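See below for the structure under consideration.
The values are calculated or read from the model by the stated rules, or taken from the named source; none is laboratory data. Remember, it's a predicted structure, so these values are computed and weren't measured experimentally. Cβ sites come from the backbone with ideal geometry, for glycine too, and all protein chains shown count toward neighbours. Heads up: the accessible areas ignore ligands, DNA and RNA and are worked out on the full protein's heavy atoms, side chains in. Shrake-Rupley method; radii C 1.70, N 1.55, O 1.52, S 1.80 Å.
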Amino acid sequence: MRIGQLLGTGRSADVYELDEQWVLRRYRDGLDARREMPVMSYLSASGYPVPRLGPLPVSAGPGDLVLQRLSGTTMLDSLMSGELGGQEGSVMLAGLLADLHTVPARLSADPEDRILHLDLHPGNVMLTAGGPVVIDWSNTEEGPPALDRAMTALILAQVAVDPHDPAASGARALVDILVPLLAADDGIPARHLAGAASRRAANPTMSPAELALIGKASELVGSLSA
């Protein structure tokens, strides 16, 4: 496997070029990517927009995934540039969450459980010619859809309440539209918002400044979803 140039980097993983069709996503912190593969395969078979999985070479480590190379920009970049408006972006995010939560759980015996992304925000949505594609399934679990909605709202609200983040005003506009949309879809109960806040607080990749914003962000989401 010949690894090409670095295409992008996130909190815990790097993405490298393999060829015109495939990229390699490699965790830097020892996480095992193999737990994501059956979930992505299941979602793809269910018609949900995720990158196709490519064959792993024998030299691949447990933190490697070969994924379809997507052409386009992230929703975050499109929102920041003004190419995508807040209303359109909010409706798209709400729709991606709602569509995901129509897919039954793969393993759980609880009929109310669904596949959850738990990190579905504009930076994890690629806008391709064929439509939006949801990437980075490293946090995926099965559980109540309201937890997923709460997590998306809280992630955006943390940006919105950060006075030092240049994207704060745009994030606030997104939150003001998105949270009522999510609240209308069976709501964001307080217990699930608290659960999302606890998960954010336990995230080892978050800085002290980000952790300090969780309480204020939770208050914002709660006020908009009441």
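Tabulated data for the structure shown
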{"quantity": "Condition broken by Leu118, with the remaining ones in (1) of a type outside the set (Asp, Glu); (2) over 22 Å from Ala194 (Cα atoms); (3) part of a loop (DSSP other than H, G, I, E, B) satisfied", "calculated": "(2)"}
{"quantity": "Near pairs, Cβ below 7 angstrom, 6+ apart or cross-chain, from segment 1-26 (in contact (Cβ under 8 Å) with a residue 24 or more places away in the chain and more than 14 Å from Leu56 (Cα to Cα)) to any residue that is part of a loop (DSSP other than H, G, I, E, B) and of a type in the set (A, V, I, L, M, F, W, C)", "calculated": "Ser12/Leu31"}
{"quantity": "Residue within segment 140-147 that is touching a His at 6+ places or on another chain (Cβ under 9 Å), hydroxyl-bearing (Ser, Thr, Tyr) and either on the phi > 0 side of the Ramachandran plot or at pLDDT 95 or above (or both) present", "calculated": "yes"}
{"quantity": "Candidate set from segment 47-67 (those that are of a type in the set (Gly, Ala, Ser) and open to solvent by 60 Å² or more (accessible area, probe 1.4 Å)); member that is farthest from the chain's Cα centre (by Cα)", "calculated": "Ser59"}
{"quantity": "Subset tally (residues that are in a loop (DSSP other than H, G, I, E, B), touching a residue at least 12 places away in the same chain (Cβ under 8 Å) and not hydroxyl-bearing (Ser, Thr, Tyr)) for segment 32-51", "calculated": "4"}
{"quantity": "Lone unmet requirement of (1) in a loop (DSSP other than H, G, I, E, B); (2) more than 18 Å from the chain's Cα centre (by Cα); (3) touching a residue at least 24 places away in the same chain (Cβ under 8 Å) for Pro111", "calculated": "(3)"}
{"quantity": "Filter result for the condition that a residue is farther than 21 Å from Arg35 by Cβ, in contact (Cβ under 8 Å) with a residue 60 or more places away in the chain and outside any loop (DSSP other than H, G, I, E, B), over Leu154, Leu127", "calculated": "Leu154"}
